[in-house]
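The values are calculated or read from the model by the stated rules, or taken from the named source; none is laboratory data. All of these numbers come straight from a predicted model, not from anything done at the bench. FYI the Cβ positions are ideal-geometry reconstructions off the backbone, even for glycines, and counts take in every protein chain you see. Just so you know, the surface numbers come from the protein's heavy atoms only, side chains and all, with ligands and any DNA or RNA stripped out. Shrake-Rupley method; radii C 1.70, N 1.55, O 1.52, S 1.80 Å.
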Amino acid sequence: MLVIVWILLVLLLGLMGWLEYHNLQHPVIQPAKTLAPRAQLQLQHQVRQHVTDQAPRLKWLYYGMAACWWLGVISLLVSCYLVSAKLTLLIFPIRSVVTSIALMIVGIILLMIPALVWPTQSYDYLIGHSTQDHHWQLADTATFEHYRRFQIWLVLALDVFILIGWISWAYRVSTVPMVTIEYLLMVVAIAVPVVALITLLAQLPYLHQNRYLIPVSGRFGTQHYHANQALMQQPDLKSRLIIVNVVRIIGYALGLYALWLLYANILAPAFTVDTSIVYPAAAFAIIGLLIVLTAGGVWLPRFYDYLQLLDNKTLTFKLAGSDRFRRFRFHLYYFKLAFSILWIVIWALIIGYIYYFG
């Protein structure tokens, strides 16, 4: 077992090194001539200083991201201290174990926040504020998305490295290792929906900021309706739009039907309760979720392409550029991912409650 853990840790270290090297070879801040890795890092530091000096909002955001990183490191150090000082006691310290696990999870989450927030915000600022510096140029959107994806994978690999190392260490030093693992699973089960909810709520301002249907006239919040109405006027697109909307309605109806099954068979009856209905209800809920996610993921880029073909003079909204639409899709992806996790966890909790207590 120890050999397997060491092999995993070495592989993760190698993966992190390769991801960091790849981002240095394909940077967002592209120099006029090829630089050594150290010089490239210095250039990125200079550009970061320029951004924070010119934009006070981004300056405070950068400080906030740095605070998240240091708080994450401190949380992990305190968690490690509790593992080394408390888990070796003969009397199992439940409070210390739960605290250590919670701090470890909070630490790896805090380490992830800067990678999710800062690159996008700084890149958006640099796009809107061109510079006269001829020593470097800004990468295109595709290169930036590639860089951001590798940066997120790098931090994910670091989090997995910390998680595997913490679990193996706690398992070795704990006097009751299986109980420690049980508490770890319990805290993770609580943390997953909480983190998903925070992620979901955090995407809302970004979705509003990067919305691709910009109102010109008409009531607030009606741009998507007017966009659908404009496409309905196109004979070759009308049938496709109807099919997509019907598929979405079916997905939403399955989700609502799943909730109605729970209410009609478990909550509403005063005497006879059919708890077995929770399993088909959960199946309907998951199928409905998959239908809605698939329809939205396939239709949205085509929806944007079709809107670009319309005459803008007759529309009550303005269509944003492709870069803004890509940012919208990026945040919409994480919004849907967070919602899917919440939806699945809720139904898993319902099934677990019925299975153990029903």
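General remarks:
- Residue tally, condition more than 25 Å from the chain's Cα centre (by Cα) and either open to solvent by less than 80 Å² (accessible area, probe 1.4 Å) or aliphatic (A, V, I, L, M) (or both), over the range 230-259: 20
- For the range 309-358, filtered to residues that are of a type in the set (S, T, N, Q) and at pLDDT below 85, the residue that is surrounded by the fewest Cβ atoms within 10 Å (Cβ to Cβ) is Thr314.
- Among the criteria (1) part of a helix (DSSP H, G or I); (2) open to solvent by 40 Å² or more (accessible area, probe 1.4 Å), the one Thr175 does not fulfil is (1).
- Residue that is nearest to the chain's Cα centre (by Cα), among those in the range 282-303 that are within 22 Å of Asp236 (Cβ to Cβ) and surrounded by 19 or more Cβ atoms within 10 Å (Cβ to Cβ): Ala295
- Failed item, numbered, when Leu237 is tested on (1) under 30 Å from Tyr306 (Cβ atoms); (2) assigned to a loop (DSSP other than H, G, I, E, B): (2)
- All of Glu145, Glu182 fail the test of being among the acidic types (Asp, Glu) and over 23 Å from Phe330 (Cα atoms), apart from Glu182.
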